[in-house]
Amino acid sequence: MSDDRSIERTARAWLELGPTQAPDHAVEAALRTIDTTSQERDLRIPWRLPTMNPVARTAILASVVIVAVVGGIYLLRPATQSFGGPPPTATAAPTSTPLPASALQAGTYVGPTFQVTDIIASINADTDLTSLERTTLIDELFGIKDKKTWSASIVLRGGQYTQRQTVDGITVIGSAGRYTFPDDQTIDLVETGAQSGTRFAISVVGDSFTLRSLTPPPTALDAFVVRTLFEATFTLAR
Amino acid sequence: MDRDLVERARKGDRAAFAVLVHQVSDSLYSVAYRILRDTGLAEDALQNALVLAWRRLPKLRDLDRFEAWIHRILVHACYDESQRTRSWRGSVVALPIELAGVTDETSQVADRDELERAFRWLTIEQRAVFVLHHYLGLPLVEVAELLGIPAGTVRSRLHYATRSLRVAIETGAAIPASEGRLA
């Protein structure tokens, strides 16, 4: 029995041995757990635009160019925030005083640029995530597999927001919805089509703002996404 | 697979999901057992996969891909189980009960014994590819799609798995796969 075909035949026969029916107690136990387990909502922010029509794709590509040109100048400045660490507080600026959230100008606000290796290390270090969730984050939600740099940006204009991720200089993922300021320290983001949104504490200093989530994420995966995409200091790109 | 059932389950219908569970659980368990070679671990992987599938179902985009999607979740659940129980790889494990009643030639039983031991030396990723291809009969392209990895990686894993099994049987000993055995 030396060639691969012979091995495969033997292995197939061997694989046929063994149980072929799931034990009832295992299935029933799973169903009992499911009875008390709620489903995850489809992500409030779809992070990625998987079925873009040609018009939308053209519009996004045009916006990518604008973001690349306008934001690129800003991005050339070295980032000061390390991934996984606490976001810098807006009050750290010694010469600035907090402003009411409603004082925010319309425009594109750019977050710090991170090394993808740091993000992946943070994903792998998050013990609340399953291996499937880690893969989903890296491959799908952030799209950073085999990439080098990553940053997030938020466009705020006329009550409409657009959230984007830029991977290796190309904006590939986005979402959009409405934003409102319930008060001067709070902002609500409600994705288009979603029943409810995510509430953040917002601290505005000069042309920058810092977000901190006030809505408990339903899952570890959601928590990681919200923390990464939003809990940072964003600065108006000029 | 009934698309309507999947759609209802996706919208939170537990009864519909229970029907789906009964339709797929035998296949899921069979695959889990063959990857993990342990009934207890396979049960845990099955339960974790079913619960995770229920939680994640609203995010399933292509309802027609439900079966492949839930098998992917299962394989990852098997990866998790193997991570949690690395030490079991080094332990002595009895052959499946079904073997006790088999009246094969001595040499065939010996082959199976060696296969059992050799299989445990494969990485969990190699085992998954080997089982999906040789047990479920999926073409390599479909295995790659199901696992979300390049077809070349699937071919490579299958090649190393087959080679390791062949060496093990020819030498009568379990030889680690050179591609990168589990720690």
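Of all residues in region B:22-39, those that are of a type in the set (Val, Ile, Thr) and within 8 Å of the chain's Cα centre (by Cα) total 2. Can you name the residue in region A:122-131 that is touching a Leu at 6+ places or on another chain (Cβ under 9 Å) and closer than 21 Å to B:Ile149 by Cβ and is also most open to solvent (accessible area, probe 1.4 Å) among such residues? Across region A:122-131, the extreme among qualifying residues is A:Thr130. The single condition among (1) facing another protein chain (nearest Cβ under 7 Å); (2) under 14 Å from the mean Cα position of the chain (by Cα); (3) buried (at least 24 other Cβ atoms within 10 Å of the Cβ) that B:Ile73 does not satisfy is (3).
Tell me, yes or no, whether region B:123-145 has at least one residue that is modelled with pLDDT of 50 or more and farther than 25 Å from B:His71 by Cα.
Taking every residue of region B:123-145 in turn, none turns out to be modelled with pLDDT of 50 or more and farther than 25 Å from B:His71 by Cα.
Tally time: how many residues in region A:164-178 are of a type outside the set (Val, Ile, Thr) and open to solvent by 70 Å² or more (accessible area, probe 1.4 Å)? Looking only at that region, the number is 1. A count restricted to region A:132-163 and to residues that are on the phi < 0 side of the Ramachandran plot and open to solvent by less than 30 Å² (accessible area, probe 1.4 Å) stands at 17.
Looking at this structure, is B:Ser82 of a type in the set (Gly, Ala, Ser), open to solvent by less than 50 Å² (accessible area, probe 1.4 Å), farther than 18 Å from A:Thr37 by Cα and at the interface with another protein chain (Cβ under 9 Å from one of its Cβ atoms)? No: the conditions fail for B:Ser82. Restricting to region A:1-16, name every residue that is facing chain B (nearest Cβ under 7 Å) and either open to solvent by 60 Å² or more (accessible area, probe 1.4 Å) or not aromatic (Phe, Trp, Tyr) (or both). Answer for region A:1-16, where residues must be facing chain B (nearest Cβ under 7 Å) and either open to solvent by 60 Å² or more (accessible area, probe 1.4 Å) or not aromatic (Phe, Trp, Tyr) (or both): A:Met1, A:Ser2, A:Asp4, A:Ile7, A:Glu8, A:Thr10, A:Ala11, A:Arg12, A:Leu15.
What about B:Leu132, is it outside any helix (DSSP H, G or I) and touching a residue at least 12 places away in the same chain (Cβ under 8 Å)? Judged against the criteria, B:Leu132 is not a match.
Per the conditions (1) at pLDDT 85 or above; (2) touching a helix residue (DSSP H, G or I) at 6+ places or on another chain (Cβ under 8 Å); (3) crowded, with 20+ Cβ neighbours inside 10 Å, the sole criterion not satisfied by A:Phe234 is (2). If only residues of region A:127-174 that are in contact with a Phe, Trp or Tyr (Cβ under 6 Å, 6 or more places away or on another chain) and within 14 Å of chain B (Cβ to nearest Cβ) are counted, the one that is modelled with the highest pLDDT is A:Ser131.
Whether a residue is more than 7 Å from chain A (Cβ to nearest Cβ), within 30 Å of B:Asp4 (Cα to Cα) and part of a helix (DSSP H, G or I) was assessed, and B:Leu50 does not pass this test. Here is the figure for region B:53-70: residues that are within 11 Å of another protein chain (Cβ to nearest Cβ), open to solvent by less than 30 Å² (accessible area, probe 1.4 Å) and assigned to a helix (DSSP H, G or I) total 5.
Within region A:17-38, being more than 7 Å from chain B (Cβ to nearest Cβ) and assigned to a loop (DSSP other than H, G, I, E, B) holds for A:Thr36, A:Ser38.
The values are calculated or read from the model by the stated rules, or taken from the named source; none is laboratory data. Keep in mind the model is a prediction, meaning the values are calculated, not measured. We place every Cβ from the backbone using ideal geometry, glycine too, and count neighbours over all the protein chains shown. Ligands, DNA and RNA are stripped out before the accessible areas are found, and what is left, the full protein with its side chains, is counted by its heavy atoms. Shrake-Rupley method; radii C 1.70, N 1.55, O 1.52, S 1.80 Å.
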